[in-house]
Each structure stands twice: as structure tokens, then as C-alpha cells.
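The values are calculated or read from the model by the stated rules, or taken from the named source; none is laboratory data. Fair warning: this is a prediction, and the values are worked out from it, not measured in the lab. Here the Cβ positions follow ideal geometry from the backbone for every residue, glycine too, while neighbour counts run over all protein chains shown.
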Amino acid sequence: ISLSEKYPNSFTYKFKPFENELRKQNNRWDDFGDVVDRVNSPELIHYYIMSEYSYGFETYRDPEVIFQLKSGTPDSIARFGEFLLKKAGYKTFIRRVKVHGSRCAKEHTGSGIVLANGNFLLVIDFPKGKSITGPFDKITLDQVLSQGHCLYNGKPGPRSSG
């Protein structure tokens, strides 16, 4: 496409811009209700939040505000993740713990799914949670969350595979 735009006389096909089609496809991700309906599994919710949202210093409580601004504190993003999980029909949790000895956090919040056996699957551990982790019992969940939200170069703390 870029070559045909740069050298239009070298191609027999005439390029027809498709910005309108792209705009239509992108607009569906601007509608709060549509996104809440579409992002309906833990994997999708985790991926969506980690790829679309950034760290912000303001604490927002309303999911629509977080959605519009695409940023928030770990607490705000955890609440937004819990909202999406709940809308998708999951039994959810939100957990806030104190963080000791951190250079950047005094507390941290995560959210996820309560499994049938009472263990916890940590879906939103923003911004450091690069994957869904668990299952954890409550003690291990608190240990993982107490690592704060810093993005240290070293080990992020205890993790479970699975």
C-alpha cells in the first residue's frame, strides 16, 4: 500500500483508501457497553487491560471513567477488572494489602476470580502482572500482592505457574 501511494504510476491498481472501514472497526472499541459485552473471559480481560491501560495517579471508582481515560491507579484498574469479570458472570474478589519495604507503594490492590475450591486466580495485578497467576490460597495471594506494583528489574516475587 505504501509503495502504491508513493509510486502510483507504477501500479495498475488504483489505491482506494479504507480509513472509513478502519474507523468503523475502531469505533466499536470506544463504546463502553460493547466492550463490556465483548471482553468476557479472564484471558481477554487481562489482555485488554494490560494492553490498553496505563498507570495514572488519580483514583477513579466509576468503571466508565476508567474506561474513557484508559488510565488509573492499581486500585482503580483492579476495580475495573473486577467489574468486567463480574459482568462476565464470574465470582470475583478484590484484595488490598499493605506493602512493606517498597520504594514506590504503601499498598497494592488486585482482583480476580474465586474458584470453586475457595482459592483465588489473580487476573488483574496492575501494572506488574504480565500473566494471570494462581491458584493461590489467601496467604499466598497476599504475599504476591504485597510485592506492590513496582516494575523492578529483579524478581517480582512469589508466583505460581498455572
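Among the strands (runs of 3 or more DSSP E) confined to segment 67-137, the ones with at least 3 residues that are surrounded by fewer than 24 Cβ atoms within 10 Å (Cβ to Cβ) and in contact with a strand residue (DSSP E or B) (Cβ under 9 Å, 6 or more places away or on another chain) are located at 92-98, 107-114, 133-136.
Residue-wise test of (1) under 27 Å from the mean Cα position of the chain (by Cα); (2) of a type in the set (A, V, I, L, M, F, W, C); (3) at pLDDT below 75.
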site: 18; (1), (2), (3): no, yes, yes
site: 50; (1), (2), (3): yes, yes, no
site: 70; (1), (2), (3): yes, no, no
site: 74; (1), (2), (3): yes, no, no
site: 77; (1), (2), (3): yes, yes, no
